[in-house]
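One structure is given here, and the rest of the page talks about it.
The values are calculated or read from the model by the stated rules, or taken from the named source; none is laboratory data. Keep in mind the model is a prediction, meaning the values are calculated, not measured. Positions of Cβ are generated from backbone atoms using ideal geometry, with glycine treated the same way; all protein chains shown enter the neighbour counts. We work out accessible area using only protein heavy atoms, side chains counted, and drop any ligands, DNA or RNA first. Shrake-Rupley method; radii C 1.70, N 1.55, O 1.52, S 1.80 Å.
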Amino acid sequence: MLHYPQIDPVALQIGPVAIHWYGLMYLIGFALVWVLGRWRINRGDTDLSLRDLEDIIFYCVLGVVVGGRLGYVLFYKPAEYLARPLEIFYLWQGGMSFHGGLVGVIVVLLIFARKRNKSLLEIGDFVAPLIPLGLAAGRLGNFINGELWGRPTTLPWGMVFPHTEDGIARHPSQLYEMGLEGFALFALVWLFARKKRPVGQVSAVFLMGYGTFRFLAEFTREPDYYLGLLAGGLSMGQLLSLPMVLAGAIIFAWSVKKSNRESTP
């Protein structure tokens, strides 16, 4: 078994100002969105401009932060925050939900799409391939923080995380998620988007891909202690991922049907 390498969560300390690796991972994630978005624009994959890309990133930052925080509050600890509502704003204490952040991003992209007289799915098809590497950076941040560790395992790469205080080797599930939700999902969506697709299909592949990879990775991740396993022995992350897969399948089927109808004389 392996031991967690005891990485200092503070990447850089300048006087009283501490820059944490987790926050740095967020910045790296959005920087990757900008680099990949710029590449897609220059390649001619969209008629959006670089100014549009900058606006999208600004909107998405708001959506991720607000949606991610509210999602965590509502999905994971509603009673606790209802009793102390001011703590909702204590972002430095941690607590973000990907699924809440996704809802936040969908809302802000819907607003952006209406301002540009485009459909949400058109914007989603442009944005979807840009997201997974940012997710990989976020999971790396989880690993550096030594949080969101996995379930006990006897596999040789099982790792002892000091914050568990039990000395039990566990799956490094953060790294599994980095590989699945990050790199594997990026390869899937990016390669699929290289060819021009009917509107909605790239977004659908992202939804189905993320939902499936997250669902599988959650089998190795320790359930949140304040929730445990829920209906059907599934975690909250798994229950929230199933609607993503269903929504992606519905959008993909609708897109195929719409494309076939339009191509039929």
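So here's what we get for this one:
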quantity	calculated
Label zone at SER119, where the point sits 7 Å out along the Cα-to-Cβ direction: the stretch 239-261 residues whose backbone N lies under 13 Å	251-261
On Cα atoms only, tilt of 21-43 relative to the major axis of the chain in degrees	20 degrees
For the stretch 58-90 and the stretch 207-237, distance of Cα centres in Å	20 Å
Packing-based ranking, highest mean first, of 31-44, 233-246 given that Cβ atoms within 10 Å are counted	233-246, 31-44
Computed over the stretch 126-258, Kirkwood Rh from alpha-carbon pairs, angstrom	15.8 Å
Ellipticity estimate at 222 nm from DSSP helix runs (n ≥ 4, -39,500 (n - 2.57)) divided over the chain, nearest 500	-19000 deg cm²/dmol
Sum of side-chain charges, ARG116 neighbourhood, beta-carbon under 14 Å (Lys, Arg +1; Asp, Glu -1)	-2
Computed lengthening from ARG38 to ALA231, 0.36 nm per intervening residue step minus Cα-Cα distance	65.2 nm
Residues in the stretch 12-52 that a label on LYS195 would reach, taking backbone N under 14 Å of a point 7 Å out along Cα→Cβ	none
Label-point gap, in nm, between ALA31 and ARG84 - each point 7 angstrom along Cα→Cβ	3.4 nm
Alpha carbon centroid spacing (whole Å) that separates the stretch 239-259 from the stretch 6-44	31 Å
Pairwise label distance in nanometres, ILE19 with ILE57, each label 7 Å out on the Cα-Cβ vector	1.6 nm
The chain: mean projected area of Cα convex hull, nm²	16.9 nm²
Relative contact order computed over the chain (Cα-Cα under 8 Å; 6+ residues apart), in percent	19 percent
Partners for LYS118 among aspartates and glutamates (Cα-Cα distance below 14 Å; same-chain residues under 8 apart left out)	ASP47, ASP52
Packing-based ranking, highest mean first, of 57-63, 224-230, 99-105 given that Cβ atoms within 10 Å are counted	99-105, 57-63, 224-230
Sequence of TRP190, TRP254, TRP21, TRP149 from largest to smallest accessible area, 1.4 Å probe	TRP254, TRP21, TRP149, TRP190
Sulfur and carbon atoms: percent of accessible area, the stretch 159-265 [1.4 Å]	68 percent
